[in-house]
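Just so it is clear, none of the values below were taken in a lab; they were calculated from the coordinates. Just so you know, these numbers come straight off a predicted model, no measurement behind them. Please note: Cβ atoms are built from the backbone with ideal geometry, for glycine as well, and neighbour counts cover all protein chains shown.
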Amino acid sequence: MSEGWLELAENVAESLDIGPGTRVFEVDCGRGEFLVPLHQNGYIVGGIDGDPEAIKAAIQAMPGGLFQTAMASALDPAVPWDVVVCRSLAGAPSTDYIRGLVARMFAKATHAIALLAVPEPHHRPLMHALSEAGAKAIQIEGAHIFARV
């Protein structure tokens with residue numbers, strides 16, 4: 001596990017005031033690099049990604065994690081998680097796509113959402129989308145945006 005992933009996971013946990021036992025779900029999780037340090041510290045982890053090989057690697061790295069092959073646009077808000085994270089907005093195709101994804105993430109989360117490594121041009125539309133979704137508290141920390149449900 002790289003030190004960068006551990007540092008990012010610790011930053012998210014501290015910013016959202018969460019600890020072991022918290023259920024953290026990642027949209028576009030890839031191989032689960034961000035989730036590994038959380039899993040190793042007693043968090044319940046899961047995620048979706050469109051790449052079946054990446055999901056296979058995530059399952060191998062985090063036995064017991066709940067992972068599925070699916071595109072972000074298929075995110076199901078009917079199955080709640082405490083925290084929903086996304087670190088792939090840099091490649092989002094449009095502002096409407098981002099707004100829809102944020103709305104589904106917000107509907108899925110019971111505690112908070114975290115949008116990580118967000119390019120600055122996306123900050124304003126994301127703040128607006130979070131406000132529309134009903135976020136109680138929104139904070140920006142560098143390239144990261146956190147919102148409480």
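Here are the numbers for the structure shown:
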item	result
Within-11-Å neighbourhood charge of PRO37 [Cβ basis; K, R +1; D, E -1]	-4
Difference of contour (0.36 nm per residue) and Cα-Cα distance, ARG148 to SER15	46.8 nm
Computed E for MET71/ILE140 - FRET, C-beta separation, R0 22 angstrom, nearest 0.05	0.25
Inverse of mean 1/r across different Cα pairs in segment 3-148, Kirkwood, Å	14.9
Of the GluC sites (Glu not before Pro) in segment 1-52, those whose Cβ has at most 12 other Cβ within 10 Å and which sit in DSSP loop	none
Extension gain (nm, one decimal) between MET127 and ASP51, 0.36 nm per residue minus Cα-Cα	24.5 nm
Full-stretch length increase - ALA117, TYR97 - with 0.36 nm per residue and alpha-carbon distance subtracted	5.5 nm
Estimated FRET transfer efficiency when R0 is 25 angstrom, pair ALA78-GLU3 (beta carbons, to 0.05)	0.10
Mean separation of Cα contacts under 8 Å (6+ apart) over length of the chain, as relative contact order %	19
